[in-house]
Amino acid sequence: MRNKYLISDPCYVFKDEYWDEYVSKILTAEKDKDFKGLIDVGGHALFAHYTQYGDGYYSSSLPGRSFGVDSGTLGCIPVELCKPAEDIRGEYYEIELEDLKSSCSYGDGLFTIGSVTIET
């Protein structure tokens with residue numbers, strides 16, 4: 001079964017009620033040197049990681065598409081945790097994935113989410 005996610009800076013897409021939980025979990029997870037980007041928020045698995053250089057604007061493998069970052073992180077967030085499209089105030093891209101764990105990775109500033117890559 002394929003699930004829908006939004007690729008974005010989580011601060012743009014998260015429903016307000018999940019933001020504090022996300023921040024707490026990403027701060028704790030990042031202390032683990034073996035952190036692979038997978039955390040659970042609101043009962044849903046998601047992928048998120050700090051970018052290599054923090055906030056900024058990062059190009060992707062999607063033609064003409066870049067991603068802004070204001071929280072220092074990028075992620076692949078289940079749509080169930082996201083605001084309605086009309087309330088999102090930043091760049092995002094909707095993607096369908098079967099398995100989050102095998103579809104998402106981060107290393108040396110490079111995010112890979114399904115077939116999308118974002119160099120940070």
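Computed from the coordinates by the stated procedures, all read-outs in this text should not be read as laboratory data. Here the structure is a predicted model, which means the values were calculated and not measured. Ideal geometry is used to build each Cβ from the backbone, glycine not excepted, and the neighbour counts take in all protein chains shown.
Placing +1 at every Lys and Arg Cβ and -1 at every Asp and Glu Cβ, with all other atoms neutral, what dipole size does the chain have around its Cα centre, in debye to the nearest 20? Don't jump to the answer; show the numbers that get you there.
On the way: 11 positive and 21 negative charges, 47 e Å.
Once rounded to the nearest 20, the dipole reads 220 debye.
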Starting from the Cα of Asp99, move 7 Å in the Cα-to-Cβ direction to define the label point; list residues of segment 14-44 whose amide nitrogen is under 18 Å from there.
36-39
Too long at a 22 Å Cα-Cα cut-off: which of Lys4/Lys83; Lys4/Lys33; Lys25/Lys101; Lys33/Lys83; Lys25/Lys83; Lys4/Lys101?
Lys4/Lys33; Lys33/Lys83
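At 222 nm, what helix-only mean residue ellipticity would the chain give, in deg cm²/dmol to the nearest 500, using -39500 (n - 2.57) for each DSSP H run of four or more?
Details: 3 runs with 22 residues, N = 120.
Value at 222 nm, helices only: -4500 deg cm²/dmol.
Can you tell me the equivalent ellipsoid semi-axes for the chain? Use √(5λ) from the Cα gyration tensor, largest first, whole Å. List each step's numbers first, then the result.
Working: eigenvalues 61, 58, 46 Å².
They are 17, 17, 15 Å, listed largest first.
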